[in-house]
Every structure is written in C-alpha cells, then in structure tokens.
Amino acid sequence: MLYDYLMTQKTTSSTTETGSYTKASPSAEASTHFGFKTVGEDEKAGKVAEVFHSVASRYDVMNDLMSVGLHRVWKAFTIGRADVRPGMKVLDIAGGTGDLAKAFAKRAGPSGEVWLTDINDSMLRVGRDRLTDSGLLLPTAVCDAEKLPFPSGYFDRVSVAFGLRNMTHKERALAEMRRVLKPGGKLLVLEFSRVAKPLAPAYDWYSFNILPWLGKKVAGDEESYRYLAESIRMHPDQATLAAMLEAAGLSRVRYFNLSAGMVALHEGVNLG
C-alpha cells in the first residue's frame, strides 16, 4: 500500500540517501539566487517559505488581479493537455490552492488517485480546505519536490504549476518527477517564461511597478511580489527548460507558448 510506503520513507528520511540523490556535504561555497539576490542554498528554501506563508490567504485573489484572470485559461489548457482519464494516478506538485488537483480528481473519478502536495504547509492547508469545501477529500502531503517520498513508476501524470522556478535544484526536482512517472506517463510544467520581445518593455514595467503595488494594497506584502517579478527573470527560458526536461530523461519534450510567451507549458513523456 502507498500509505505504508510513505510511512517507511518518513522514518528513513534522516539517512544520507534521498530518492535518486545522495545529500552533499554542507558547503559554505554553495549559493543560488533568490530573485535578484544571491543567497546560500540552505537559505533559499526558508526565504521562499516566508513568501508563501505570507501570501497564502490572498493567493487566489492576487492571481486573478495580477493576470486579469488569465491564470484560469493557462490552467485550463494544462488540464486539457494532461488528458487525465478515469482510474489514473496523478501527482500535483507545488499544488498551492488546488486548482489543478480539483480538475484532475474530477476526471480521474473514484477509481483514480490524485495527490495534492506542496512544500509549504500554509498553502497546502488553503488548498486542502478548498477541496474539502467542494466535496473532494484528496490525499495531501507536505513534501520537497527534490526528494519525493513516492515510489518509482507510480503516477500516470505529474504536474507542477508556477512552482518550479522557486526550487533550488531544478534539475533534481525534474529527475524526481520523471522517476515517479510510470513508463508512458507524462510530466506537465506550467511556468512563467520569456515574453515576446516587442512586449518585453511594457511587461517589465508592469512587473516591477504594478505587481509590487498590488501586493502592497491587496495582500499587504510588497516585497513578496517584487520577488515574484525577479524570480520570473531568473527562471530558464523556454528552450533551456526544454533541454532540462530532456536531460532529466524525458522524451517527446515540447512546449507551448501562452499569452505571447508570458507563460509556457512544457511537457515530456517517460518512456522508461
């Protein structure tokens, strides 16, 4: 049973081996980016957690305002490309408030299995409560995408929407996502990307002026939305991310530019 497997993983998580990776010795040299800032790798997860603890309660409202509702169109396209069918097992990583998990669960039906996961417990609680209010009782788990606690080859679909750019070691997370996919299973990565060049000046002005202002007025948190704008610029572009999916062992990799490249959906298949 999956529950027993997860309990076993939990009790052995303190060992040096995690999933397909062995933890490296702590190094004072290791650094990464947090927006435009350079921070130690061990600092980034905590700083990202602070951002999402802060914005969790207003997350959906801010998404509607920031994207003028377009995030719903982007997610609807992702749901269509996922093509979840009755009986499928689906893992939604960085699932936040549960939009994708809810749609997947309806399509997978009672014979399916859809997991809502997030590394941030504040976001996960909001998502779990929303799903419960809509009559869906889905399994949920706080977990790190770089060290997924699930068995290899378990899921038919794995999705991550607007979460990959916040991960410290994206290549590890992508390899873990491939690991837990069944042969023939599909990974879907929905994320902010590089907007078409003619629109870039206007998009930059909006990102660095309007987003922080909205964050301050609506969510009471200007800095978290300044980080959002910065993190988008630090995320790999469409072609680079496609190459990262291939390097993680995925095949038939392709991407779809949405809203002139403001967002892109990448997908790849685990051929085993």
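Sorted on the mean count of surrounding Cβ atoms within 10 Å across their residues, most packed first, peptides 92-98, 152-158, 138-144 read 92-98, 152-158, 138-144.
Expressed as a whole percentage, what fraction of the accessible surface of the stretch 57-198 belongs to carbon and sulfur atoms when a 1.4 Å probe is rolled over the protein heavy atoms? Carbon plus sulfur share of accessible area: 54 percent.
Residue by residue, the stretch 192-202 carries 3J(HN,Hα) couplings of 4, 9, 9, 6, 4, 3, x, 8, 4, x, 5 Hz when phi is fed to the Karplus relation 6.51 cos²θ - 1.76 cosθ + 1.60 (θ = phi - 60°); x denotes Gly or Pro. Ligands, DNA and RNA are left out, and with a 1.4 angstrom probe the accessible area of the stretch 124-203 is 40 Å² per residue.
Legend: distances between Cα atoms for 75/186; 44/147; 147/182; 106/186; 170/216; 89/186; pairs beyond 20 Å are 170/216.
In terms of the Cα gyration tensor, with a ≥ b ≥ c the square roots of its eigenvalues, is the stretch 164-252 rounded because a/c is under 1.5, prolate because a/b exceeds b/c, or oblate? Since a/c reaches 1.5 and a/b is larger than b/c, the shape of the stretch 164-252 is classed as prolate.
The accessible area of residue 65, taken with all protein chains in place and a 1.4 Å probe, comes to roughly 80 Å².
Which cross-chain or sequence-distant (5 or more) residues have an amide H under 5 Å from the amide H of residue 268, H modelled 1.01 Å from N in plane? Close amide H contacts, sequence-distant or interchain: 187.
Where Lys and Arg each count +1 and Asp and Glu each count -1, what net charge lies around residue 114 among other residues with Cβ under 11 Å from its Cβ? Once all neighbours under 11 Å are counted, the net charge is +2.
The values are calculated or read from the model by the stated rules, or taken from the named source; none is laboratory data. Please read all numbers here as calculations on a predicted model, not as lab measurements. So basically every Cβ, Gly included, is an ideal-geometry build from the backbone, and we count neighbours across all protein chains shown. Heads up: the accessible areas ignore ligands, DNA and RNA and are worked out on the full protein's heavy atoms, side chains in. Shrake-Rupley method; radii C 1.70, N 1.55, O 1.52, S 1.80 Å.
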